[in-house]
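So the structure is just underneath, and the comments pick up after that.
The values are calculated or read from the model by the stated rules, or taken from the named source; none is laboratory data. Computed from a predicted model, the values in this text were never measured in an experiment. Cβ placement follows ideal geometry from the backbone for every residue including glycine, while neighbour counts extend to all protein chains displayed.
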Ligand SMILES: [Zn+2]
């Protein structure tokens, strides 16, 4: 329906194909048209945005994991739904960082610090922590058990 510019979803569905078929009715291309999809039932949170690149297969559907969760966000200011981003692309609202995002950032910073430090560490005597011993074991291609024993010997583990 090229004239249809707005889809209003009132029927929750677990069927991805039904969701796409309903939501995309307003997305048939017409120059200058901007489709609006009003989803009253949260289908987008179950299936992701309708124009998401999907890998279609005849294999059984994979279990939901953290990696393949639907990554959409709804702006509390304008209710625009979009792919996860630090800022709403519609109104510019800046989201507060979630606990997971803060933890992920901290982990990355610690990893960069450790990698920088490990450039100068070549023997167990240079290591100041258990983490560094494990990083040295990895760097040298040793098993984690080696780092464990080194840590025990140096009194870093009790
Ligand atoms: Zn917004």
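Please indicate, with yes or no, whether at least one residue in the stretch 10-18 is outside any loop (DSSP other than H, G, I, E, B), free of Cβ contacts under 8 Å to residues at least 12 places away in the same chain and out of contact with any helix residue (DSSP H, G or I) (no Cβ under 6 Å at 6 or more places or on another chain). Checked against the condition, which is being outside any loop (DSSP other than H, G, I, E, B), free of Cβ contacts under 8 Å to residues at least 12 places away in the same chain and out of contact with any helix residue (DSSP H, G or I) (no Cβ under 6 Å at 6 or more places or on another chain), the stretch 10-18 yields at least one hit.
If only one of 61, 34, 116, 54 is under 30 Å from residue 146 (Cβ atoms) and exposed (fewer than 12 other Cβ atoms within 10 Å of the Cβ), which one is it? Answer to the check: 116. Residues of the stretch 78-92 that are more than 6 Å from the ligand (Cβ to nearest atom) and either part of a loop (DSSP other than H, G, I, E, B) or exposed (fewer than 12 other Cβ atoms within 10 Å of the Cβ) (or both): 79, 84, 85, 86, 89, 92.
Quick one: would you say residue 70 is under 24 Å from residue 35 (Cα atoms) and more than 16 Å from the ligand (Cβ to nearest atom)? The answer is yes for residue 70. For the stretch 7-30, does any single residue satisfy the condition of being away from the ligand (no atom under 16 Å from the Cβ), modelled with pLDDT under 90 and exposed (fewer than 10 other Cβ atoms within 10 Å of the Cβ)? Yes, there is a match, as at least one residue in the stretch 7-30 is away from the ligand (no atom under 16 Å from the Cβ), modelled with pLDDT under 90 and exposed (fewer than 10 other Cβ atoms within 10 Å of the Cβ).
What about residue 102, is it within 16 Å of the ligand (Cβ to nearest atom), at pLDDT 90 or above and over 30 Å from residue 149 (Cβ atoms)? No: the conditions fail for residue 102. Within the stretch 56-66, at least one residue is in a loop (DSSP other than H, G, I, E, B) and closer than 20 Å to residue 101 by Cβ. Considering only residues of the stretch 137-158 that are assigned to a loop (DSSP other than H, G, I, E, B) and modelled with pLDDT of 90 or more, which is surrounded by the most Cβ atoms within 10 Å (Cβ to Cβ)? Within the stretch 137-158, the match that is surrounded by the most Cβ atoms within 10 Å (Cβ to Cβ) is 142.
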